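Just below is one structure, and these are the notes that go with it.
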Amino acid sequence: MKRMIKASIVTHEKIGENCWSMWLKAPGITEGVIPGQFAHIKLKQGEKLLPRPLSICEIDRNQKALRIVYAVVGNGTKDLSLMKMGEEVTLLSPLGNGYDIKATAQKSIIVGGGMGIPPLLELSKRIPGEKEIYLGYASTPFLQKDFEEHSEKLRIATDDGSYGYTGTVLDAMNYYHADGDVVYSCGPRPMLQKISEWAKQKGIPAQISLEERMACGIGACLVCTCKIKKEKEEDWQHQRVCSDGPVFNSKEVVWDA
Ligand SMILES: Cc1cc2nc3c(=O)[nH]c(=O)nc-3n(C[C@H](O)[C@H](O)[C@H](O)COP(=O)(O)OP(=O)(O)OC[C@H]3O[C@@H](n4cnc5c(N)ncnc54)[C@H](O)[C@@H]3O)c2cc1C
Ligand code: FES
């Protein structure tokens, strides 16, 4: 069940060129989190009008703490990056529908790109069976060591060739002959579209996590809609990324929206 709490910062560190990791004490929230769900973070000062949606990257049930990993892109994330251990943020979580983990799948393919990578860490921890993980970055990777703990088949791709395979994450999947019974993915929309087409061609079901600008984060304002066409319905319909998603069946997403 979602709750609004004041969460104190346990650790906060820069883990990449423009990438921060923050652990927050979040009692009452961590117990029910499903990988792929997110938190709406309101800054302590309250001077920012809208909360910022950030995926839950990892959960520590013992410590009742959750981790977010984020890039600074504007004023909200800049302010967040300046916060120190012991300070508090107001947080509403867990929000949205996360991934539906297919326990019967023998082998899963996990594909992340850029700031879509963080929510796949908790997912990788929880998925049973064999896993192939493909992560795509513009340049230097982050969270690589964390993912290494969850699969022997971790493949990194960088656009600039600074690490791993040079090219897109999809190029790497083709190069390494990615194979499995189900695909879980999160990343920029053009990447997700290509992953969906790849999965469709191979006949593998795919769950993808979409990102849209958000306001309320709880399904009330309709700012975050995307087009979804259910298999048995004739027409597409608007669905809310914040509450019907962010994770959708890739076959149902209308990409030309
Ligand atoms: C479900 C979901 C999960 C996300 N998870 C992560 C994550 O784990 N790590 C991470 O770095 N980023 C993540 N993002 C993107 C993150 O929300 C934006 O980068 C952040 O809100 C930017 O805020 P800002 O004030 O720094 O930027 P500004 O550009 O100043 O923001 C202005 C407004 O636009 C909204 N906005 C701007 N960019 C985005 C965006 N890409 N998506 C949604 N709203 C946006 C902001 O919330 C704010 O209301 C996620 C977005 C969504 C929708
Ligand atoms: S952000 Fe308001 S309905 Fe999704």
Among (1) open to solvent by 60 Å² or more (accessible area, probe 1.4 Å); (2) within 16 Å of ligand 2 (Cβ to nearest atom), LEU210 falls short only on (1)
Among GLY161, GLY219, the single one that is surrounded by fewer than 16 Cβ atoms within 10 Å (Cβ to Cβ), among the small types (Gly, Ala, Ser) and either assigned to a helix (DSSP H, G or I) or within 16 Å of ligand 1 (Cβ to nearest atom) (or both) is GLY219
Wholly inside segment 2-85, strands (runs of 3 or more DSSP E) that include 3 or more residues that are surrounded by fewer than 16 Cβ atoms within 10 Å (Cβ to Cβ) are 3-16
Exception for PRO128 within (1) touching a helix residue (DSSP H, G or I) at 6+ places or on another chain (Cβ under 6 Å); (2) open to solvent by 50 Å² or more (accessible area, probe 1.4 Å) falls at (1)
Next on the checklist: ALA103 - would you say it is in a strand (DSSP E or B), aliphatic (A, V, I, L, M) and more than 8 Å from ligand 1 (Cβ to nearest atom)?
Outcome noted: no
Within segment 112-149, the residues that are more than 17 Å from VAL169 (Cβ to Cβ) and outside any strand (DSSP E or B) are GLU122, LYS125, ARG126, ILE127, PRO128, GLY129, LYS145, ASP146, GLU149
Across segment 229-251, the tally of residues that are surrounded by fewer than 20 Cβ atoms within 10 Å (Cβ to Cβ) and either among the acidic types (Asp, Glu) or in contact with a helix residue (DSSP H, G or I) (Cβ under 8 Å, 6 or more places away or on another chain) (or both) stands at 8
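The values are calculated or read from the model by the stated rules, or taken from the named source; none is laboratory data. Keep in mind that what you see is a predicted model, and the values were worked out from it rather than measured. Virtual Cβ from ideal backbone geometry, glycine too; neighbours counted across all protein chains shown. What goes into the accessible areas is simple: the full protein's heavy atoms, side chains included, and nothing from ligands, DNA or RNA. Shrake-Rupley method; radii C 1.70, N 1.55, O 1.52, S 1.80 Å.
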